[in-house]
Amino acid sequence: MAAVIFFRAVNVGGHQKFQPGALAKELAALGVVNIGAAGTWVVREEIAEAKLRAEVLRRLPFQPELMICPARDVSRLVAGEPFRDAPAGADIGHFASVLAKPPRAAPPLPLHFPTLGEWEIKIVHISGPFVLCARRPGKKDLYPNTVVEKHFGVAATTRNWNTFLKIREAPEK
């Protein structure tokens, strides 16, 4: 595995719709494997990021933001078990946001949102462009991507942690 592509703001509420699986098949020569419907791809062939980005964007009728990460960074993140000390339970979900660029400085962790009362989003780990959160239902019904983008001031795209585990299991060539 050489790279992982995370599409931002596609297939949400009818906005920037496309079929990730069908487009991945068009890019089979690059070893693209689709992971789910949100726009997450594993790229198995080595290719320069600029060329990879151009190959994807020229096939779409719109210009989505793409967060392209070296696969080794994603593998390292997953192998580090970043949620081992995070809150867990039946009502708690784990999420990873991928920032368009790493934050200038990582704040002290954990961060809780809302800051007063019961937290709904708890940022528990930051590694390069990855911001990891625990989420539990609450009155404000916060979503990790909204909180991360607002707090860090950088575009992000968020996936359930299970997606990262599936990336790790993506078949090799």
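The values are calculated or read from the model by the stated rules, or taken from the named source; none is laboratory data. Predicted model only: the values in this text are computed from it and were never measured. As a convention, Cβ positions derive from the backbone with ideal geometry for all residues, glycine included, and neighbour counts pool all protein chains shown.
Each residue in the range 55-76 was checked for being within 12 Å of LEU27 (Cβ to Cβ) and either of a type in the set (A, V, I, L, M) or crowded, with 16+ Cβ neighbours inside 10 Å (or both), and 4 of them qualify. Selection of the range 141-173 for residues being surrounded by 14 or more Cβ atoms within 10 Å (Cβ to Cβ), among the charged types (D, E, K, R) and not in a helix (DSSP H, G or I) yields only ARG159. Would you be able to tell me the number of residues in the range 110-132 that are of a type in the set (A, V, I, L, M, F, W, C) and more than 17 Å from ALA79 (Cα to Cα)? Here the count works out to 6.
Scanning the range 44-95 for residues that are under 14 Å from the mean Cα position of the chain (by Cα), over 27 Å from ARG136 (Cα atoms) and small (Gly, Ala, Ser) yields one hit, ALA71.
The number of residues in the range 123-135 that are crowded, with 19+ Cβ neighbours inside 10 Å and either in a loop (DSSP other than H, G, I, E, B) or outside the structural domain of LYS150 (by TED's automatic domain parsing) (or both) comes to 1. Looking across the range 8-66, the residues that are in contact with a helix residue (DSSP H, G or I) (Cβ under 7 Å, 6 or more places away or on another chain) and at positive phi come down to GLY36, GLY39.
Among the residues of the range 98-109, is there at least one that is surrounded by fewer than 13 Cβ atoms within 10 Å (Cβ to Cβ), assigned by TED's automatic domain parsing to the domain that holds LEU132 and either among the basic types (Lys, Arg) or in contact (Cβ under 8 Å) with a residue 60 or more places away in the chain (or both)? Yes, because at least one residue in the range 98-109 is surrounded by fewer than 13 Cβ atoms within 10 Å (Cβ to Cβ), assigned by TED's automatic domain parsing to the domain that holds LEU132 and either among the basic types (Lys, Arg) or in contact (Cβ under 8 Å) with a residue 60 or more places away in the chain (or both).
Restricting the range 1-20 to residues that are in a loop (DSSP other than H, G, I, E, B) and in contact with a Gly (Cβ under 7 Å, 6 or more places away or on another chain), the residue that is farthest from VAL74 (Cα to Cα) is ASN11. GLU120 falls short on exactly one of the conditions (1) surrounded by fewer than 21 Cβ atoms within 10 Å (Cβ to Cβ); (2) free of Cβ contacts under 8 Å to residues at least 24 places away in the same chain, and that condition is (1).
Identify all residues within the range 82-105 that are assigned to a loop (DSSP other than H, G, I, E, B), under 16 Å from GLY153 (Cα atoms) and in contact with a helix residue (DSSP H, G or I) (Cβ under 8 Å, 6 or more places away or on another chain); write none if there are none. Across the range 82-105, the qualifying residue is only PRO103.
Contact map, the range 1-28: residues that are of a type outside the set (Phe, Trp, Tyr) paired with residues that are surrounded by fewer than 19 Cβ atoms within 10 Å (Cβ to Cβ) and part of a helix (DSSP H, G or I), Cβ distance under 8 Å, separation 6+ or inter-chain. Pairs shown: MET1/ALA71; MET1/SER75; ALA2/ALA71; ALA3/GLU49; ALA3/ALA71; VAL4/ALA71; LEU27/GLU55. Only residues that are in a helix (DSSP H, G or I) and touching a strand residue (DSSP E or B) at 6+ places or on another chain (Cβ under 7 Å) were counted across the range 21-53, and they come to 6.
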